[in-house]
1. Take the residues of the stretch 246-256 that are under 25 Å from the mean Cα position of the chain (by Cα) and in a loop (DSSP other than H, G, I, E, B): which is surrounded by the most Cβ atoms within 10 Å (Cβ to Cβ)?
2. Of the conditions (1) free of Cβ contacts under 8 Å to residues at least 12 places away in the same chain; (2) surrounded by 13 or more Cβ atoms within 10 Å (Cβ to Cβ), Gly98 satisfies every one except a single condition; which number is it?
3. Going by the structure shown, is Leu162 surrounded by 16 or more Cβ atoms within 10 Å (Cβ to Cβ), in contact with an Asp or Glu (Cβ under 9 Å, 6 or more places away or on another chain) and among the hydrophobic types (A, V, I, L, M, F, W, C)?
4. Tell me, which strands (runs of 3 or more DSSP E) lie completely within the stretch 141-245 with 1 or more residues that are within 17 Å of Pro101 (Cβ to Cβ)?
5. Scanning for something basic (Lys, Arg) and either within 30 Å of Leu76 (Cα to Cα) or at pLDDT 95 or above (or both), does the stretch 274-288 turn up at least one residue?
6. Looking at Ser79, is it part of a helix (DSSP H, G or I) and surrounded by fewer than 19 Cβ atoms within 10 Å (Cβ to Cβ)?
7. All but one of (1) modelled with pLDDT of 95 or more; (2) of a type outside the set (Gly, Ala, Ser); (3) part of a loop (DSSP other than H, G, I, E, B) hold for Leu259; which doesn't?
8. Could you tell me which of the residues Val67, Val50, Val57 is within 24 Å of Ala141 (Cα to Cα), crowded, with 16+ Cβ neighbours inside 10 Å and of a type in the set (Val, Ile, Thr)?
Amino acid sequence: MGLDLHKLDHLIAVVEEGGFTRAAARLHMSQQALSASIRSLEREVGVELVDRGGGAVTPRPAAEALVADGRVLRGLARSALLRARRIGRSETEALRVGHTPAVTGEEVTALLRAVREEHPEIRTDVYQRYPKDLAAGLVGAELDLGLCRGMRAPHGLVRAALGRDRLAVAVRAGHRLADRDRVALSELAGERFVVWGSPGSSGYTDFLLELCRRAGFEPRRVRNPVQGTPPVTAVIGGDDLAFVTAPPGSAAGGAVRVLRLEPPCHAPLYGLWAPHTTSDARDAFLDAAVRRGERPEEAGGGEPPGAP
């Protein structure tokens, strides 16, 4: 039994574009040829994949499952092609790392620096991506590794804890708490927190809100209107608070104060990747990152990082 990847690409386009007209334009083929390709694929699979009634095209559950697996297959094929091409041309492997805004550029840089101490030969390209784009880039073989917090592994990817970073609270320099160097989580009942995703759609937001609930209060929250900015900057110009992983002290050129949170709370750092792809650089990176995550915290004490 075989599966024609070209026909699979056709089905993916029809589902993503919501019909044959736009899918045919995207694929640069006629609607008649595209419709014939989908019918041929249905015969190969042995079930109907789309409903064509009422002038609309609606994917059946079998099509949705096939598309989800098809995106993974397409990514594996692309990854294998790029690897063979790189080896054949004797090119050095570049590790393509994506990270969500919840993992700051400074944290990624520190992690890369630690990894290069063990593997100076690793060359990296780093990109910030929102969670959906990060997942799509990993499944589509545009990225080799994703770094995130609280994000579950989407279909076709696996997740591993690389460590935990101690949480702190950021406030603007003129906030009533700005003269403190530490604050208890229970003291923050009634404060409003800036978060980066909506509850239920962001695993990291859900994680942070649950910390507040465990401290005995239901947190007030607002979604950061300026997405993609460093977390410490979210509190500038207002009285909201934000959970951050930045070190305590002054931040953002003196506009922000970062307070140590007591008792210690830690935010998990996860690595995401496609398990059936091959990358020596990614394997070396993960090994070094996990060893780094097992070390005691360098600043602030508390329990050592580890999987939550």
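1. Among residues in the stretch 246-256 that are under 25 Å from the mean Cα position of the chain (by Cα) and in a loop (DSSP other than H, G, I, E, B), the one surrounded by the most Cβ atoms within 10 Å (Cβ to Cβ) is Ala246.
2. Evaluating Gly98 over (1) free of Cβ contacts under 8 Å to residues at least 12 places away in the same chain; (2) surrounded by 13 or more Cβ atoms within 10 Å (Cβ to Cβ) leaves (1) as the failure.
3. In short, no.
4. Per the criteria, 145-148, 158-166, 168-172, 192-195, 220-223, 242-244.
5. Scanning the stretch 274-288 turns up at least one residue that is basic (Lys, Arg) and either within 30 Å of Leu76 (Cα to Cα) or at pLDDT 95 or above (or both).
6. no
7. (3)
8. Of the residues listed, the single one that is within 24 Å of Ala141 (Cα to Cα), crowded, with 16+ Cβ neighbours inside 10 Å and of a type in the set (Val, Ile, Thr) is Val67.
The values are calculated or read from the model by the stated rules, or taken from the named source; none is laboratory data. This structure is a prediction, so every number in the text was calculated from the model and none was measured. As a convention, Cβ positions derive from the backbone with ideal geometry for all residues, glycine included, and neighbour counts pool all protein chains shown.
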